[in-house]
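Engineer: Right, I'll just put the structure down here and ask away after.
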Amino acid sequence: MLETERLYLQKWGPEDAAAFFRITKSPHVLPAAGCPAIQSEEEALQALRDGYLRDEEYKIVRKDTGEIIGSIGLRFGEDGCSGIDGEPEVGFWLGEAQQGQGYASEALGAILRHARDGLGCPAVWGCHYQQNQRSAKLLGKHGFSLVRVNPCGDTRLGYTLPEAELRLAF
């Protein structure tokens, strides 16, 4: 578990499917990250099993309420955009009601410290679709620099989008 002033970053579990569904059924959460909105609690459980019940994937939990408000994680190897074994890609999303309150920045700072100090990563990559200006601003605030733009960024939405690929060296 990682901890910040207002948040806990904890491992996801199958028991989190209802909360995962509550957040990800919105058309404004996962589609911004290139994934379709979740349509049912059963689909949420499958999504958890397929991509979130792994090392370095965390639910973002508010300390004051215990509410799960989003997700952040580090993806290594083929799951990351870097193509470099020791340089993971960070991915994150927040529920609509929690956006714009500094939670993503706080969680990102914590996972970057963990990558540097806990895992010994020399760098972390962050990717965002070019139209996702909130992610662009957040990554820039944390010191990420543009490396390249992939004109055919992969999505799970049945089409591709230009994707900015950024890197933060420690």
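The values are calculated or read from the model by the stated rules, or taken from the named source; none is laboratory data. Just so you know, these numbers come straight off a predicted model, no measurement behind them. No Cβ is skipped: glycine too gets one built from the backbone with ideal geometry, and neighbour counts run over all protein chains shown. Quick note on the areas: whole protein, heavy atoms, side chains included, nothing else; ligands and nucleic acids left out. Shrake-Rupley method; radii C 1.70, N 1.55, O 1.52, S 1.80 Å.
Engineer: Tell me, which residue of the range 19-30 that is within 17 Å of Gln131 (Cβ to Cβ) and crowded, with 18+ Cβ neighbours inside 10 Å is modelled with the highest pLDDT?
Structural biologist: Here the residue is Val29.
Engineer: Being of a type in the set (S, T, N, Q) and modelled with pLDDT of 95 or more is the filter here; which residues of the range 68-97 pass it? Full working, then the answer.
Structural biologist: Step one: filter the range 68-97 for residues of a type in the set (S, T, N, Q), giving 71, 82.
Scanning the range 68-97 gives a single hit, Ser71.
Engineer: Any idea which residue in the range 106-124 is nearest to Arg6 (Cα to Cα), counting only those that are open to solvent by 40 Å² or more (accessible area, probe 1.4 Å), out of contact with any strand residue (DSSP E or B) (no Cβ under 7 Å at 6 or more places or on another chain) and part of a loop (DSSP other than H, G, I, E, B)?
Structural biologist: For the range 106-124, the residue satisfying everything is Leu119.
Engineer: Exactly one of these conditions fails for Cys127: (1) farther than 22 Å from Pro162 by Cβ; (2) outside any loop (DSSP other than H, G, I, E, B); (3) open to solvent by 20 Å² or more (accessible area, probe 1.4 Å). Give me its number.
Structural biologist: With respect to (1) farther than 22 Å from Pro162 by Cβ; (2) outside any loop (DSSP other than H, G, I, E, B); (3) open to solvent by 20 Å² or more (accessible area, probe 1.4 Å), Cys127 is out only on (1).
Engineer: Looking only at the range 60-71, which residues are of a type outside the set (Lys, Arg) and either farther than 12 Å from Met1 by Cα or open to solvent by 30 Å² or more (accessible area, probe 1.4 Å) (or both)?
Structural biologist: If we filter the range 60-71 for residues that are of a type outside the set (Lys, Arg), which is where we start, we get 60-61, 64-71.
Of everything in the range 60-71, those that are of a type outside the set (Lys, Arg) and either farther than 12 Å from Met1 by Cα or open to solvent by 30 Å² or more (accessible area, probe 1.4 Å) (or both) turn out to be Asp64, Thr65, Gly66, Glu67, Ile68, Ile69, Gly70, Ser71.
Engineer: Another question about this same structure. Right, Ala97: at negative phi and open to solvent by 40 Å² or more (accessible area, probe 1.4 Å) or not?
Structural biologist: On the way: at negative phi: yes; open to solvent by 40 Å² or more (accessible area, probe 1.4 Å): yes.
Yes: the conditions hold for Ala97.
Engineer: Here are the criteria: (1) at pLDDT 95 or above; (2) exposed (fewer than 15 other Cβ atoms within 10 Å of the Cβ). Tell me which single one Glu57 does not satisfy.
Structural biologist: Answer for Glu57: the failing condition is (2).
Engineer: Just name the residue that is most open to solvent (accessible area, probe 1.4 Å) out of those in the range 130-159 that are aliphatic (A, V, I, L, M) and not in a strand (DSSP E or B).
Structural biologist: Quick first cut of the range 130-159, residues aliphatic (A, V, I, L, M) only: 136, 138-139, 146-147, 149, 157.
Among the residues that remain, those that are also not in a strand (DSSP E or B) are: 136, 138-139, 157.
Details: Ala136: 26, Leu138: 22, Leu139: 2, Leu157: 52 Å².
For the range 130-159, the residue satisfying everything is Leu157.
Engineer: Return the pairs, sorted by first residue and then second, in which the second residue is among the basic types (Lys, Arg) and surrounded by 13 or more Cβ atoms within 10 Å (Cβ to Cβ), the first residue lies in the range 79-91 and is in contact (Cβ under 8 Å) with a residue 60 or more places away in the chain, the beta carbons are less than 8 Å apart, and the residues are 6+ apart or on different chains.
Structural biologist: Cβ pairs passing all conditions: Ser82/Arg167; Glu87/Arg167.
Engineer: Turning to a different aspect of this structure: Can you find a residue in the range 160-167 that is touching a residue at least 24 places away in the same chain (Cβ under 8 Å), open to solvent by 20 Å² or more (accessible area, probe 1.4 Å), outside any strand (DSSP E or B) and over 20 Å from Ile69 (Cβ atoms)?
Structural biologist: Here is the first cut: in the range 160-167, the residues touching a residue at least 24 places away in the same chain (Cβ under 8 Å) are 161-167.
So of that shortlist, the ones also open to solvent by 20 Å² or more (accessible area, probe 1.4 Å) come out as 161-163, 167.
Cutting the leftovers down to outside any strand (DSSP E or B) gives us none.
No, the range 160-167 contains no residue that is touching a residue at least 24 places away in the same chain (Cβ under 8 Å), open to solvent by 20 Å² or more (accessible area, probe 1.4 Å), outside any strand (DSSP E or B) and over 20 Å from Ile69 (Cβ atoms).
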